[in-house]
Amino acid sequence: MLTVNAYAAPSATEPLVKTTIERRDLGPSDVLIEIAYAGICHSDIHTVRGEWGPIAYPQVVGHEIVGVVTEVGSAVTLHAVGDRVGVGCMVNSCRECENCLAGAEQYCLNGNTGTYASVDRDGTITQGGYSTHVVVVEDFVLKVPESIPYEAAAPLLCAGITTYSPLAHWNAGPGKKVAVVGMGGLGHMAVKIAHAMGAEVTVLSQSLSKQEDGLRLGADHYFATSDPETFTTLANSFDLIINSVSAPIDINAYLRLLRLDGTLVSVGAPPEALPVQVFTLFGNRRSFAGSGIGSIRETQEMLDFCAEHGIAPEIELIDAASVNEAYERVLRSDVRYRFVIDAATI
């Protein structure tokens, strides 16, 4: 076992604290990664505060990880010592079910193994990226292109793929009108990626406070949802709406913005239910869908797409001791647009 430094949540109500955790010894197919940077996702906060259900404590979160391979198992062929790599929201799956065999291991019918707060193959609870090192089976390790700024690459492993996957699946591109609800960590990536795909992009944000940023990042239009006229003006307008917020919204009001055969996809995950009126779906044959991260193949595709198009998240780099303050700022929407922890400070 390898003892490494980490920041962990002792309970649902206590601040994260510096501690040590154990990483498993390398198996034949494992890769040891020295973590360079770890992004902070709203999912981390939901998890450690028990908002998505009970978890085992202490818990180290973080599923936006980039670093360098420092050791490989005897059977590893996909990665080598010195490679710049990334780890996202999952570190394994059953590899045997229908979905895994179809290359959609994020939807593993037996439950994929999350990067944190999941039961690992050895029966232990997985611990995430707010640490100095991690051991991951090689098939779930991504190659991070050199052209993506190192410190900004980590959020692509969650915020990037979480928005890229539905945009690709529902064919965002030239001739398509795409709306992005929320201009935060997920939303700003959805704007950049949808713009690079060639879609006409509209941001729907609570206020116009981030309008200048939205237009700079690739939005063609920007509307405040606090203005009731927005929903009248934009009725029956969009082919695809990406809902990136992790708070309750009037989902039916947004569904009415879809044109014929349009789809609203939620990628943000509020703890509360989002009630849908069936008659709202009947109009314009609308669809309401969800999308969870992406497969390993699709995540690599996203990284290569971002490298090709010069896409990287807007980040604020922090030291590990500032993580609790960063959590409070995330909850106040006081970050543009993703906090990234410098793992050298852990």
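No value in this document is a laboratory result; all are computed from the given coordinates. Just so we're clear, the structure is a prediction, and the values are computed from it rather than from any experiment. Reconstructed Cβ throughout: ideal geometry from the backbone, glycine too, with neighbour counts over all protein chains shown.
The table that follows gives values for the structure above.
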item: Shape of the stretch 5-67, Cα gyration tensor, a/c cut at 1.5; result: prolate
item: Net charge dipole size for the chain [Lys, Arg +1 and Asp, Glu -1 on Cβ; Debye, nearest 20]; result: 780 debye
item: The chain, helix-only ellipticity at 222 nm - DSSP H runs n ≥ 4, -39,500 (n - 2.57), divided by all residues, nearest 500; result: -6500 deg cm²/dmol
item: Length-normalised contact order of the stretch 42-85 in % [C-alpha pairs under 8 Å, at least 6 apart]; result: 29 percent
item: Shape category assigned to the stretch 160-290 from the gyration tensor of Cα positions, a/c cut at 1.5; result: rounded
item: The chain: angle of helix 296-309 to the longest principal axis, Cα-based, in degrees nearest 10; result: 70 degrees
item: Cα-based shape type of the chain, given that a ≥ b ≥ c are square roots of the gyration tensor eigenvalues and the cut on a/c is 1.5; result: prolate
item: Dipole of the stretch 160-290, positive direction: furthest Cα of Thr225, Val278, Leu186, with charges on the beta-carbon; result: Val278
item: Loop GluC sites (Glu not before Pro), the stretch 258-346, which have at most 12 other Cβ atoms in a 10 Å radius of their Cβ (DSSP); result: Glu272
